[in-house]
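Single-structure report; data block below.
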């Protein structure tokens with residue numbers, strides 16, 4: 001069968017939207033008709049060439065929701081007709097071989113999950129059933145943005161009620177760190193960004209204070225907000241060396257700095273290691289250490305109970321054919337979470 005997909009051919013170029021051939025299903029593979037896909041900062045990193053990419057040309061995307069249309073040999077986790085969330089963090093099930101998509105008879109690389117296409121073939125361990133009744137635009141956020149943000153709070157930082165937290169970068173992941181901090185009754189919850197629109201949005205999700213990096217020194221301001229103690233948890237979702245350093249510098253002795261943003265391949269940071277002797281900790285987050293088969297159903301239940309804000313995160317929806325316009329909106333800072341409608 002054929003489908004339409006967005007293809008990254010070279011860094012710093014527009015994605016090419018074209019028809020591709022979908023391969024027959026191999027062991028452990030699942031055919032999904034994608035309803036909506038989220039756009040993550042990771043895809044921006046790939047497009048701008050933030051780190052070396054040896055797999056070009058290739059498909060993109062790692063968070064989506066849709067319906068299963070077919071399963072390959074050995075698949076037991078889902079069946080045709082199931083509503084599913086697609087995610088990049090490994091869950092249970094077979095870790096299949098990567099599918100072999102073709103464009104004009106030539107291979108197009110893809111990992112165990114890609115989502116910028118109307119149909120996709122993914123590994124069994126990258127799908128989780130979510131039950132009926134959740135719109136696919138909302139459910140797509142469960143694949144990365146929400147799970148990573150919540151996982152940073154509960155798994156990486158192990159944030160407790162009454163502890164303080166600063167979130168550097170309140171985009172798709174950062175806004176969910178804020179939301180997760182609110183759910184565990186952290187205080188204060190300090191949002192740090194360069195965009196006042198994102199800071200105002202963070203306050204709607206639970207931030208108690210907002211700091212604009214362009215207007216004031218974040219280290220001085222955060223120490224002021226915490227009576228010069230620093231924060232119990234500082235989270236970087238940006239990846240820039242200056243931001244990572246600031247996050248570390250505002251962490252209290254005995255506190256935790258969580259690095260979740262992806263740095264450039266050629267960037268390094270320099271820190272004062274002396275506070276490490278007094279219990280300060282640095283943690284690198286890998287998708288919030290999410291366990292999809294356990295965490296996604298929990299978040300679905302919380303959403304159904306009205307405890308999680310998902311619709312409120314989506315500010316723009318673009319059709320697949322306008323994916324380059326979607327990335328432009330993401331890069332200019334005008335958007336919150338953007339989703340692609342594959343319909």
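Quick check: is even one residue across segment 143-153 surrounded by fewer than 24 Cβ atoms within 10 Å (Cβ to Cβ) and closer than 21 Å to residue 254 by Cβ? No, segment 143-153 has no match at all.
No other residue among 100, 126 is touching a residue at least 40 places away in the same chain (Cβ under 8 Å), closer than 30 Å to residue 4 by Cβ and either outside the structural domain of residue 21 (by TED's automatic domain parsing) or surrounded by fewer than 24 Cβ atoms within 10 Å (Cβ to Cβ) (or both) apart from 100.
Does residue 23 count as farther than 22 Å from residue 82 by Cβ and either outside the structural domain of residue 94 (by TED's automatic domain parsing) or assigned to a loop (DSSP other than H, G, I, E, B) (or both)? So residue 23 does not fit the description; no.
Of all residues assigned to segment 11-23, none qualifies as being farther than 19 Å from residue 324 by Cα, touching a helix residue (DSSP H, G or I) at 6+ places or on another chain (Cβ under 8 Å) and either touching a residue at least 12 places away in the same chain (Cβ under 8 Å) or surrounded by fewer than 14 Cβ atoms within 10 Å (Cβ to Cβ) (or both).
For segment 32-45, the tally of residues that are touching a strand residue (DSSP E or B) at 6+ places or on another chain (Cβ under 8 Å) and either buried (at least 21 other Cβ atoms within 10 Å of the Cβ) or not assigned by TED's automatic domain parsing to the domain that holds residue 327 (or both) stands at 7.
For residue 167, indicate whether it is surrounded by 24 or more Cβ atoms within 10 Å (Cβ to Cβ), part of a strand (DSSP E or B) and in contact with a helix residue (DSSP H, G or I) (Cβ under 6 Å, 6 or more places away or on another chain).
Numbers: surrounded by 24 or more Cβ atoms within 10 Å (Cβ to Cβ): yes; part of a strand (DSSP E or B): yes; in contact with a helix residue (DSSP H, G or I) (Cβ under 6 Å, 6 or more places away or on another chain): yes.
Answer is yes for this residue.
Among residues of segment 172-204 being assigned to a loop (DSSP other than H, G, I, E, B) and crowded, with 24+ Cβ neighbours inside 10 Å, the one that is farthest from the chain's Cα centre (by Cα) is 186. Scanning segment 54-79 for residues that are surrounded by fewer than 23 Cβ atoms within 10 Å (Cβ to Cβ), in contact with a helix residue (DSSP H, G or I) (Cβ under 6 Å, 6 or more places away or on another chain) and over 15 Å from residue 130 (Cα atoms) returns a single hit, 75. Against the list (1) closer than 18 Å to residue 341 by Cα; (2) at pLDDT 95 or above; (3) not in a strand (DSSP E or B), the condition residue 43 fails is (2).
Test of understanding: among 42, 90, which residue is in contact (Cβ under 8 Å) with a residue 12 or more places away in the chain, under 18 Å from the mean Cα position of the chain (by Cα) and farther than 30 Å from residue 329 by Cβ? Explain how you work it out, then say what you get.
Numbers: 42 fails: farther than 30 Å from residue 329 by Cβ.
Criteria check complete, one pass: 90.
Taken as a whole, the structure places residue 121 among residues that are assigned by TED's automatic domain parsing to the domain that holds residue 332, within 29 Å of residue 76 (Cβ to Cβ) and part of a strand (DSSP E or B). Exactly one residue among 258, 243 is in contact with a strand residue (DSSP E or B) (Cβ under 8 Å, 6 or more places away or on another chain), under 17 Å from residue 166 (Cα atoms), part of a strand (DSSP E or B) and assigned by TED's automatic domain parsing to the domain that holds residue 159, and that residue is 258.
Within segment 277-302, the set of residues being exposed (fewer than 13 other Cβ atoms within 10 Å of the Cβ), more than 17 Å from the chain's Cα centre (by Cα) and in the same structural domain as residue 157 (by TED's automatic domain parsing) comprises 277, 278, 279.
The values are calculated or read from the model by the stated rules, or taken from the named source; none is laboratory data. Source: prediction; values computed, not measured. Cβ coordinates were reconstructed from backbone atoms using ideal geometry, including for glycine residues, and neighbour counts include every protein chain displayed.
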